[in-house]
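Okay, structure first, notes after.
The values are calculated or read from the model by the stated rules, or taken from the named source; none is laboratory data. As the structure is a computational prediction, the values presented were derived from the model and not from experiment. All Cβ positions, even for glycine, are placed from backbone atoms using ideal geometry, and neighbour counts span all protein chains on display. Heavy atoms of the whole protein, side chains included, go into the accessibility calculation; ligands, DNA and RNA do not. Shrake-Rupley method; radii C 1.70, N 1.55, O 1.52, S 1.80 Å.
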Amino acid sequence: MQAPVLVLKDSLKRESGTKVHHGNIQASKAVADIIRTTLGPRSMLKMLLDAGGGIVVTNDGNAILRELDIAHPAAKACHLSQNAPFWIYFFFSSMIELSRTQDEEVGDGTTSVIVLAGEMLHVAEAFIDKHYHPTVICRAYNKALEDAIAVLDKIAMTIDVKDRATMLGLVKSCIGTKFTSQFGDLIADLALDATTIVGVDLGQGLREVDIKKYIKVEKVPGGQLEDSVVLKGVMINKDVIAPGKMRRKIVNPRIILLDCPLEYKKGENQTNAELLKEEDWGVLLKLEEEYIESLCVQILKFKPDLVITEKGLSDLACHYFSKAGVSAIRRLRKTDNNRIAKACGAVIVNRPDELQESDVGTGAGIFEVKKIGDEFFAFIVDCKEPKACTVLLRGPSKDLLNEVERNLQDAMSVARNILKNPKLVPGGGATELTVSATLKQKSSSVEGIEKWPYEAAAIAFEAIPRTLAQNCGVNVIRTMTALQGKHANGENAWIGIDGNTGAITDVKEKKIWDAYNVKAQTFKTAIEAACLLLRIDDIVSGIKKKQPPGAKAPSKPQVETEGDADNEQIIPE
C-alpha cells in the first residue's frame, strides 16, 4: 500500500469527511438547544451576564445570540462538548449569523430560524451516516423550499392595511411571544402609530418605511410604561444655549437647520500672525466679531424663532440671537438633525449665505423644553404631516426599558413588513404543519434517492409546533399526533396550537397570525444555511497571512493598541 503524501505544513490542522459534517450538526443542535425554550408566549427568559458586570434579561433570539457572539471562544465551548474540535466555533458563529440576518431583513422570527435550521441539519445526520452525498441532500432541501414557498403563497391571506383593528391584531399576535405581551395593546399601538407616521408612498401601491433613520426610540427611566407615547415630531436631549435669555416655549416656530459652525474659523494648523502695531490686535478681534455678526445677520433676516446647528456656536453669536429673541441649540447629532428636517419640512443648509425662504421649516406646531428627571429635553412636536417621529418610552428601570425597546423594534418591523407586503399566514405552528403535510404528500412523486431527504425536510418543519407544545408543558406526542391527523390531507390550514394553553385551536378565530414576509424569510434563511453547512467537507486551520516582501515576522505576539487598528498587514493580491 502506498504511503500517504503530505502537502500541508505540520502547524496546520485538517479535518475532513463525515467528522466535519457531524461536527457542524453538533454545533447547530447546541445553538438551537440554547434558545429553543424562548419560542412562543410561554417562553422562558435568559439572563446573560457580561464581563463588565452588565445584565441582559431577554427572550429575543437575536439578542441572546448577539451577547454569546461577543463572548470569549472558551465561553462558547461550555455549550459544546468539553473535547469539541477547534473548528466547531466556526459553525457556532455561522448559526449566530443566521439570527442576525433574519433580524436585519424582517426583524422577527429570529428564534424560529435557528430552531428550524438546527432541525434541518439534525434530520440530515441520518443520511450522512448512510453515505448520502451532501449535494443530493441539498438538492432535495432546495426542492422542498420551493414547494414550501408555493404552499405559503396558496394559504396566504391579503389584508387591508387601512383596517387598524386587523393590523393591531396582527402586530399583537407577532409580539405575543415577547415579554411586553402582558401590557396588552400598548406596544402594538406604539409600533403601528410610529410606522404609519414615517411611511412614504412610492406609487403603484408600494410604501417605504425606514425605521432606522426616521424613528428614534428615547428611553427615559421613571414613570410608568403606560406613559410611553409616540410624538408627532422629534425629541432631543438638549437645552437652549442660554436658558435665562432664550425662549423655552415657542408656538408655530420658524426653524432653521445648519450644518456649519457659527464661530470664527480657526486655522487648519499652527497659524502665525505678525502684529507690528498695538492697534492691529484690536483690528484682528474686530474682524472676528464682524465675521460672526455677518453670519448672524444673514440668518436673522429670515426671522427665525429657532436656530439649530450641528457644530459649535460662539458666545457672540449667542448674544446676537438672544438679543433678536431667537432660541438656539448647538452640537446636535447629524441623525437628529435629519429627523427634525423630515418632521418640520426644513432643509439643512451648509452655509448661511445660501439660505432661502424655502429652507425654513414651518411645519412644527410647538417647540418646548421640558425637564424629565434630572435632564432637559427639547420637543419639536405637533408637526403637520411629519415624516419622522420619536417614541418616548418610560419605565421603572433601564433593564426593563431595554427589553421593551427590543420588543418595540420587532413590533415596528412586523408593521413595516405588512405595509410593504400586506399578506398574512396562520400562526401557532399551523403554517409549518400545512407545509409539512403538503410536502409529505408530494414526496411520493419525487423520483430517485432525493425522495428520502425531501421527506425528512417535511418532517423537520414540525419542529416549530413541537417546540411550542413543549414550552406550554402539554403532552407533546398526543398534541402532535392530533395536529398531524387534522392536517393529514393538507387542508385545515388554520388549525394550530394556542401558545398560552397548548390547546389545539382555530388560529383564525384566536387571531394568531404571522406576517408572510417573516415566514418566507425564515424558511429561506434556515434551509439555505443548512445547505451551506452541509456542503463543507474539509477544514484547514492555522493558515497565516502572507507577509509583504521584506517584512520581518514578529518575534512574539504583540498587543494591538487603538492607534494600530488601521495598520494591519494586508494580503498582497
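Quick check of the Kirkwood formula: for the stretch 379-447, what is the inverse mean of 1/r over all pairs of different Cα atoms, in Å?
About 16.6 Å for the stretch 379-447.
Report the charge-dipole magnitude of the stretch 94-225 in Debye, nearest 20, computed about the Cα centre from +1 at each Lys and Arg Cβ and -1 at each Asp and Glu Cβ.
100 debye
How long is the stretch 239-292 along each principal axis, judged by its Cα atoms, biggest number first, in Å?
Per principal axis, max minus min of the Cα coordinates gives 52, 23, 17 Å.
Would you mind calculating the relative contact order of the chain from Cα pairs under 8 angstrom and at least 6 residues apart, reporting the percent as a whole number?
Computed over the chain, the figure is 24 percent.
For the chain, with every protein chain kept in place, what is the accessible area per residue (1.4 Å probe, Å²)?
51 Å²
Taking every pair of alpha-carbon atoms in the chain, give the share separated by more than 36 Å as a whole percent.
That tail contains 51 percent of the Cα-Cα pairs.
Per the Kirkwood treatment, what hydrodynamic radius in Å, one decimal, follows for the stretch 184-234 from the mean inverse distance over all distinct Cα pairs?
After inverting the pairwise mean of 1/r, the radius is 12.5 Å.
Specify, per residue and in Å³, the volume enclosed by the convex hull of the alpha carbon atoms belonging to the stretch 145-225.
Considering the Cα atoms of the stretch 145-225, their hull volume per residue is 163 Å³.
Find out how many positive minus negative residues lie around residue 140, taking Lys and Arg as positive, Asp and Glu as negative, among other residues whose Cβ is under 10 Å from that of residue 140.
Here the count lands on +1.
Counting Lys +1, Arg +1, Asp -1, Glu -1, what net charge surrounds residue 425 among other residues with beta carbon under 12 Å of its beta carbon?
My count for the surroundings of residue 425 gives +1.
When only DSSP loop residues count, what GluC sites (Glu not before Pro) in the stretch 415-473 have their Cβ near at most 13 other Cβ atoms within 10 Å?
Listed in order of number, the matching sites are 447.
Around residue 302, with a cut-off of 9 angstrom between Cβ atoms, what is the net charge of the other residues, counting Lys and Arg +1 and Asp and Glu -1?
+1
On alpha carbon coordinates alone, what is the Rg over Rh value for the stretch 332-456, Rh being the Kirkwood radius?
1.26
Which percent of the accessible heavy-atom area of the chain goes to carbon and sulfur, probe 1.4 angstrom?
51 percent
What fraction of the DSSP beta bridges in the chain is antiparallel, stated in percent and rounded to the nearest 5?
Given both bridge residues lie in the chain, the antiparallel proportion sits at roughly 70 percent.
When each pair of different Cα atoms in the stretch 344-403 is counted once in the 1/r mean, what is the Kirkwood radius in angstroms, to one decimal?
Hydrodynamic radius (Kirkwood, Cα pairs) of the stretch 344-403 is 14.4 Å.
Rounded to the nearest 0.05, what FRET efficiency do residue 16 and residue 154 have when you use their Cβ-Cβ distance and R0 = 56 Å?
So the FRET efficiency works out to roughly 0.85.
With a bin width of 5 angstrom, please list the P(r) values of the stretch 304-365 as percents of all Cα-Cα pairs, from the 0 bin to the one holding the largest distance.
For the stretch 304-365, the pair-distance distribution reads 4, 16, 26, 29, 20, 5.
Could you derive backbone 3J(HN,Hα) for the stretch 61-68 from the dihedral phi with the Karplus parameters 6.51, -1.76 and 1.60 (θ = phi - 60°), listing whole Hz in sequence and x where the residue is Gly or Pro?
Using θ = phi - 60°, the values come out as x, 5, 5, 5, 6, 5, 5, 5 Hz.
Hey, got the Cα dimensions of the stretch 92-221 along the principal axes, in Å, largest first?
The Cα atoms of the stretch 92-221 stretch 56, 41, 28 Å along their principal axes.
Given the C-alpha atoms of the stretch 465-529, compute the convex hull and give its volume per residue in Å³.
So the per-residue Cα hull volume is 105 Å³.
Suppose we take every Cα in the stretch 155-304 and form the convex hull; what volume per residue is that in Å³?
Taking only Cα atoms, the stretch 155-304 has a hull volume of 271 Å³ per residue.
Quick check for me: using +1 on Lys/Arg Cβ and -1 on Asp/Glu Cβ, what's the dipole size of the chain about its Cα centre, in debye to the nearest 20?
Roughly 920 debye, rounded to the nearest 20.
May I ask you to evaluate 6.51 cos²θ - 1.76 cosθ + 1.60, the Karplus curve with θ = phi - 60°, for each residue of the stretch 449-456 and list the ³J(HN,Hα) values in order in whole Hz, giving x for glycine and proline?
Whole-Hz 3J(HN,Hα) from phi for the stretch 449-456: 6, 5, 4, 6, x, 4, 5, 5.
In µm²/s, what is D for the stretch 218-376 at 10 °C and 1.306 mPa s, where D = kT/(6 pi eta Rh) by Stokes-Einstein and Rh is the Kirkwood radius from Cα pairs?
92 µm²/s
In nm, to one decimal, how far is the residue 264 label point from the residue 289 one, both placed 7 Å along Cα→Cβ?
1.1 nm
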